[in-house]
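The values are calculated or read from the model by the stated rules, or taken from the named source; none is laboratory data. Computed from a predicted structure; not experimentally measured. Here the Cβ is made from the backbone with ideal geometry for all residues, glycine too, and neighbour counts use every protein chain on show.
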């Protein structure tokens, strides 16, 4: 795993969620843990009810008693990914000013993509192919984005940013950050992040500077 990114706040480390889930008591928890381990090792395509059953040491029908189908099992994975993302973004929610909160939101979004690529790809890049993602995923995405919109609005109210539409401005910032990260995940910058990180930071800084009063 790459070393965590240095952030503008002076924090030297981003959260380090542990991927290997400790031994659980209930069968459902053991199934969930096995699915997570397969996903983190092999991606979405590496998760199947048969493979999970083999890893847990039970028959496939035992899996179906706890998860009605693969979609529900994948939902379990995405919910763990969202919890991981939430831990990454937590420092941004606690920053002192709206501008710092906005900067850190972008910084830790980048850190999540670099350090938790399987979760990032599943949450933001992998087509659903009929996967019935949970309402929790939709709520989380809306809440996080509206938090960003609120920070943009506060920056405008406090004279940090020029007046404008906070929603459109937040969409522009997210599109810039997400677009660059997506290009990196598609290896358009090569596999090494050393070239990508300075480009990302300069691009985001230019965009933020262009918004200032």
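Filter the range 180-189 down to residues that are surrounded by fewer than 17 Cβ atoms within 10 Å (Cβ to Cβ) and over 14 Å from the mean Cα position of the chain (by Cα), then give me how many there are.
Qualifying residue count for the region: 4.
Could you check how many residues of the range 22-56 are in a loop (DSSP other than H, G, I, E, B) and modelled with pLDDT of 85 or more? Steps first, please.
Taking the range 22-56 first, the residues in a loop (DSSP other than H, G, I, E, B) are 22-26, 43, 47-48.
Of the ones still in play, those that are also modelled with pLDDT of 85 or more are 26, 47-48.
Qualifying residue count for the region: 3.
What is the one condition in (1) in the same structural domain as residue 27 (by TED's automatic domain parsing); (2) surrounded by fewer than 21 Cβ atoms within 10 Å (Cβ to Cβ); (3) without any contact (Cβ under 8 Å) to a residue 24 or more places away in the chain that residue 94 does not satisfy?
(1)
Can you name the number of the only condition in (1) modelled with pLDDT of 85 or more; (2) crowded, with 19+ Cβ neighbours inside 10 Å that residue 5 fails?
Result: residue 5 passes all but (1).
I'd like the residue in the range 163-184 that is without any contact (Cβ under 8 Å) to a residue 60 or more places away in the chain and in contact with a helix residue (DSSP H, G or I) (Cβ under 6 Å, 6 or more places away or on another chain) and, out of all such residues, is nearest to residue 207 (Cα to Cα).
Step by step, filter the range 163-184, then rank; the result is 176.
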